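Trainee: Below you will find the structure I want to go over with you.
The values are calculated or read from the model by the stated rules, or taken from the named source; none is laboratory data. Note that the coordinates shown come from a computational prediction; the quantities given were computed from them, not determined experimentally. Cβ coordinates were reconstructed from backbone atoms using ideal geometry, including for glycine residues, and neighbour counts include every protein chain displayed. Surface accessibility is based on the protein's heavy atoms, side chains included, excluding ligands, DNA and RNA. Shrake-Rupley method; radii C 1.70, N 1.55, O 1.52, S 1.80 Å.
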Amino acid sequence: MFATLAPILLQATLETFSMVISALVLGTTFGLPIGVVLATSGRGELFEAPLFQKIIGPIVNATRSVPFIILAVAIIPFTRLVAGTSIGTAAAIVPLTVAAIPFIARIIEGAIREVDGGLVEAAQAMGARPFQVVTKVLLPEALPGIIHGLTLTAVTLIGYSAMVGAVGAGGLGDLGIRYGYQRFRPDVMAAVVITLIVVVQMVQSLGDWLARKADKRNI
Amino acid sequence: MIRLSNVQKTYPARRGSPAHKALHGIDLDIAAGEIVGVIGRSGAGKSTLIRCINLLEVPTAGSVIVDGTDVTQLVKRDLPLFRRQLGMVFQHFNLLSSRTVYDNIALPLELAGASKAEIAAAVDPLLPLVGLEDKRDRYPAELSGGQKQRVGIARALSSNPKVVLCDEVTSALDPETTRQILSLLRDINKRLGLTMVVITHEMAVVKQLCDRVAVMDGGVIVEEGKVDAIFANPTHATTQSLLADEFLDYPARPNAAANANTGQEA
Ligand SMILES: Nc1ncnc2c1ncn2[C@@H]1O[C@H](COP(=O)(O)OP(=O)(O)OP(=O)(O)O)[C@@H](O)[C@H]1O
Ligand SMILES: [Mg+2]
């Protein structure tokens, strides 16, 4: 019994991983600069651009306030455009990334805002250019917070990826719905749930460990 | 070396607070190699004044001449280059928690694009100068306040500046550590011939460190001169009361202590 279940479970887990990691990487690629801009474009800040902040802020909020499953369905045309299809693991990466970007942007913004303003001032007094303040001071100092936030994002994305499973994206959610629910296989359902719990636990532990390693404030 | 002429600063009105004029026309000359103290009560405008020297605050009027250049005329792009000629030391150290002692001291050089070898050549001799050879690879969280400030001082020196600006650099330290830091600064001034501007609210700091002192109150300099002369013959009420504070520790003058306390910084 377990012998037949193990390969499909492994396959589904790998699919979940590939969706989540891709969305995390792509989401950070776009979310990081947006977060930096959100954190530094206010009045009197590093890249003063209050108008930009007034425009980008609400867009970020709007994206975040749409429930993920609705977002995933609503952007199907966009997903087709980008991925060529709206079904499958690759296609699922599109809505996951779209959901991850504003999430990560806010996390980066929050982590940067935690950095003591005195450090920015010290860097400027040393002759740092604004971009250097970001790369040499704000991001390194915010790193523990950013790692915590990205861990949170990864866990949230694992949950979301189970939802896109429901619209045919593969992964653990898909397995749970198709086998566990539709074909009434409680053993599969149980295996999926346990795997999800273990995966989330591992991700959280890894994130905590990395954040602790990066944090030199309490040695 | 530094000449402030009629420097004025008005902080613009913000939601909830009206515009505030923090500096009402400051004139101050600082010669090369000199240590000048600026003393005054909380809110007198001392920090604003020192921040106008490296243009962390842009004066609303007047000129700030550093080494022959009116730096208020510099365009924004050129400010970083100008600021690299000045070092600054802060009350709360402002060290990067994510960097070791060595890497904190190296930061100004890194920002200026120095090579690894250039950085090592500049930082290595600074560690013994500030007495931190054995803390090279430690993080700020592992240091005492006095040690952190030594890192702050070494960092201010690493880009080989002509001027060092010190804003309340001993206010977070105990008296013994304060004495050590002040004698370190004095020693550095002698050895490197640096010009120093020292902000403080304690006469003891002026007494131990400075050649000249300017007393500030309400955004103006009310009295200025050689430290010995000012101590011997303080003419302005602010100077007199700041001098009286020096005896706060002695219970012999309870009345003076009580009076001076009401005006004290929170
Ligand atoms: N960024 C700012 N915006 C508005 N007002 C400010 C700002 N910075 C300082 N002020 C005001 O300017 C005045 C002078 O402030 P400043 O920080 O220069 O005083 P200080 O002499 O350094 O005092 P302290 O000893 O407390 O550090 C104060 O009344 C202060 O409230
Ligand atoms: Mg101050």
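Trainee: So, in the range B:196-213, exactly how many residues are polar (S, T, N, Q) and in a loop (DSSP other than H, G, I, E, B)?
Mentor: Qualifying residue count, the range B:196-213: 0.
Trainee: On to the next question. Quick check: is even one residue across the range A:178-190 open to solvent by 100 Å² or more (accessible area, probe 1.4 Å), within 14 Å of chain B (Cβ to nearest Cβ) and more than 18 Å from the chain's Cα centre (by Cα)?
Mentor: no
Trainee: Considering the range B:4-24 alone, what residues qualify as being under 24 Å from the mean Cα position of the chain (by Cα), of a type in the set (A, V, I, L, M, F, W, C) and within 10 Å of ligand 1 (Cβ to nearest atom)? Explain how you work it out, then say what you get.
Mentor: Restricting attention to the range B:4-24, the residues satisfying the condition of being under 24 Å from the mean Cα position of the chain (by Cα) are B:4-11, B:20-24.
If we keep only those that are of a type in the set (A, V, I, L, M, F, W, C) too, we end up with B:4, B:7, B:22-23.
Within the range B:4-24, B:ALA22, B:LEU23 qualify.
Trainee: Filter the range B:64-92 down to residues that are away from every other protein chain (no Cβ under 14 Å) and either farther than 19 Å from B:LEU28 by Cβ or part of a strand (DSSP E or B) (or both) and give me whichever is modelled with the lowest pLDDT.
Mentor: B:THR69
Trainee: Let me ask you something else. Does B:THR170 satisfy the condition of being more than 18 Å from B:VAL151 (Cβ to Cβ) and β-branched (Val, Ile, Thr)?
Mentor: No: the conditions fail for B:THR170.
Trainee: Further, regarding this structure: Just need a number here: residues in the range A:122-138 that are surrounded by fewer than 23 Cβ atoms within 10 Å (Cβ to Cβ) and assigned to a loop (DSSP other than H, G, I, E, B).
Mentor: So the answer is 2.
Trainee: Quick check: anything in the range B:213-225 open to solvent by less than 40 Å² (accessible area, probe 1.4 Å), free of Cβ contacts under 8 Å to residues at least 60 places away in the same chain, away from ligand 1 (no atom under 13 Å from the Cβ) and among the acidic types (Asp, Glu)?
Mentor: yes
Trainee: Then there is this: Check B:VAL75 against each of (1) within 16 Å of ligand 1 (Cβ to nearest atom); (2) open to solvent by 30 Å² or more (accessible area, probe 1.4 Å) and name the one condition it does not meet.
Mentor: Among (1) within 16 Å of ligand 1 (Cβ to nearest atom); (2) open to solvent by 30 Å² or more (accessible area, probe 1.4 Å), the lone unmet condition for B:VAL75 is (1).
Trainee: Which one of these is within 28 Å of A:ARG212 (Cα to Cα), under 20 Å from the mean Cα position of the chain (by Cα), more than 7 Å from chain A (Cβ to nearest Cβ) and open to solvent by less than 30 Å² (accessible area, probe 1.4 Å): B:LEU107, B:LEU95?
Mentor: Working: B:LEU107 fails: more than 7 Å from chain A (Cβ to nearest Cβ).
Within the list B:LEU107, B:LEU95, the selection yields B:LEU95.
Trainee: Here is a list: B:ALA22, B:ALA44, B:ALA61. Which entry is away from ligand 2 (no atom under 14 Å from the Cβ) and either open to solvent by 20 Å² or more (accessible area, probe 1.4 Å) or more than 9 Å from chain A (Cβ to nearest Cβ) (or both)?
Mentor: Only one candidate qualifies: B:ALA61.
Trainee: Let me confirm something: among B:ILE221, B:ILE199, which residue is within 16 Å of ligand 2 (Cβ to nearest atom), more than 13 Å from the chain's Cα centre (by Cα) and at pLDDT 95 or above?
Mentor: Only one candidate passes the filter, namely B:ILE221.
Trainee: Inspect all residues belonging to the range A:4-13 and state whether any of them is touching a helix residue (DSSP H, G or I) at 6+ places or on another chain (Cβ under 7 Å) and either modelled with pLDDT of 95 or more or open to solvent by 80 Å² or more (accessible area, probe 1.4 Å) (or both).
Mentor: No; the residues of the range A:4-13 include none that is touching a helix residue (DSSP H, G or I) at 6+ places or on another chain (Cβ under 7 Å) and either modelled with pLDDT of 95 or more or open to solvent by 80 Å² or more (accessible area, probe 1.4 Å) (or both).
Trainee: What residue, among those in the range A:107-152 that are within 23 Å of A:ARG212 (Cβ to Cβ) and of a type in the set (Lys, Arg), is farthest from the other protein chains (Cβ to nearest Cβ)?
Mentor: It comes out as A:ARG113.
Trainee: Given the options B:ALA172, B:ALA141, B:ALA154, name the one that is surrounded by 21 or more Cβ atoms within 10 Å (Cβ to Cβ) and either within 14 Å of another protein chain (Cβ to nearest Cβ) or within 16 Å of ligand 1 (Cβ to nearest atom) (or both).
Mentor: Being surrounded by 21 or more Cβ atoms within 10 Å (Cβ to Cβ) and either within 14 Å of another protein chain (Cβ to nearest Cβ) or within 16 Å of ligand 1 (Cβ to nearest atom) (or both) holds for just one of B:ALA172, B:ALA141, B:ALA154, which is B:ALA154.
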